[in-house]
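Right, one structure below, let's go through it.
The values are calculated or read from the model by the stated rules, or taken from the named source; none is laboratory data. Just so we're clear, the structure is a prediction, and the values are computed from it rather than from any experiment. So basically every Cβ, Gly included, is an ideal-geometry build from the backbone, and we count neighbours across all protein chains shown. Side chains are part of the model used for accessible areas, which takes the heavy atoms of the whole protein and leaves out ligands, DNA and RNA. Shrake-Rupley method; radii C 1.70, N 1.55, O 1.52, S 1.80 Å.
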Amino acid sequence: MGEIALITGGGGTLGTAVAKRLVSKGYRIVLAGRSVDKLESSPFDDVLKFAGDLSQHTDVEKLFDAIHQEFGESPSLLAHCAGSVMIRPMHRMTYEQYKSCLENNLDSAFLTLQQFVVRLLERKQGGSAALVSSVAASIGIVNHAAVAAAKAGIEGLVRSAAADYANRGIRVNGIAPGLFRSGATEGFFTGEKAETQLAAQYPLGRYGSVDDEANAICWLLSSEADWVTGQILAVDGGFSSIRPLVKG
């Protein structure tokens, strides 16, 4: 039997792309997310699906209990793709919007990773986790204050957890993607010139695809990255480190 891989945000574009790759490699898959409809409409049949709010510790514990009940063991891989986007300036943001952004991104990452590690330690087993940050965590971008704070917290979580559990054989890494087209970001692509303008921001001349992000996550989870932990991999077409050539 293959190892168990838990994918949160399992009904979303990125979670589905990661699941597709891991299914092809023989992993047993668990998809977790908030939306029952999205989970049920996913293209995978022979997988465990769990609907719950991963920003709540009780739901996270129920998720891992359900995995153990189904398989008799816990996942050794975690791809935490759950999260949300909040694009607006601080002065136009309510407390509820801010709190929701932190819960959906940082709280869900912390609680899911925490339970993932606890279950591995109970079995004295190694494993690998990949979390999702954002370029906004390391470079100032207009209207990204709340999500930048949440994603920066995830990057700190990655490094600290990697330090805590490296000697237990548990690797923790993350990716920091630029803009990639998905159901959650489709609103950015409205307007006649939107695609051209968005692509022009990236030195490699295009915005990202879900395949870019999924490939990076799956590499970090794989044995090919066995000597990699505590790292945040920028998957952003050069956005965070170099500037594109501006043609006059």
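Quick notes on this one:
- Ordering E40, E61 by accessible surface, largest first, gives E40, E61; the 1.4 Å probe counts only protein heavy atoms, with every chain in place.
- Eligible aspartates and glutamates near K62 by straight Cα distance, threshold 13 Å, same-chain separation 8 or greater: D53, E70
- Dipole size of the range 96-191 about its Cα centre, with +1 on Lys/Arg Cβ and -1 on Asp/Glu Cβ: approximately 400 debye, rounded to the nearest 20.
- Average accessible surface for the chain: 51 Å² per residue, computed with a 1.4 Å probe over protein heavy atoms with every protein chain in place.
- For the range 150-166, Karplus couplings with θ = phi - 60° (6.51, -1.76, 1.60), whole Hz, Gly/Pro x: 5, 6, 5, x, 4, 5, x, 4, 4, 5, 5, 5, 4, 5, 5, 10, 4
- When the convex hull of its Cα atoms is projected in every direction, mean area for the chain (nm²): 14.2
- Relative to the 2.2 N^0.38 Å rule of thumb, the range 117-210 has a C-alpha radius of gyration ratio of 1.38.
- Options A162, A150, S138, ranked by Cα towards positive dipole end of the range 117-202, top entry (Cβ charges): A162
- Fraction of accessible area attributable to carbon and sulfur, the chain (%, probe 1.4 Å): 51
- Dividing the mean sequence gap of close Cα pairs (under 8 Å, 6+ apart) by how many residues the range 102-197 holds gives a relative contact order of 33 percent.
- Pairwise centroid distance, computed over Cα atoms, of the range 223-243 with the range 1-22, Å: 20
- Within the range 194-248, the ratio Rg/Rh, alpha carbon atoms throughout and Rh by Kirkwood, equals 1.09.
- Calculated P(r) of the range 37-92 - Cα pairs past 16 Å, %: 59
- Largest first and in whole Å, the equivalent-ellipsoid semi-axes of the range 55-200 read 32, 16, 15, each the square root of five times a Cα gyration tensor eigenvalue.
- P(r) tail for the range 23-67: Cα pairs beyond 17 Å make up 35% of the total.
- Extended-chain gain in nm, criterion 0.36 nm per residue less alpha-carbon gap, S222 and D46: 61.2 nm
- Listed by chain and number, the lysines placed with their C-alpha closer than 20 angstrom to that of K25 are K49; residues fewer than eight positions away on the same chain are left out.
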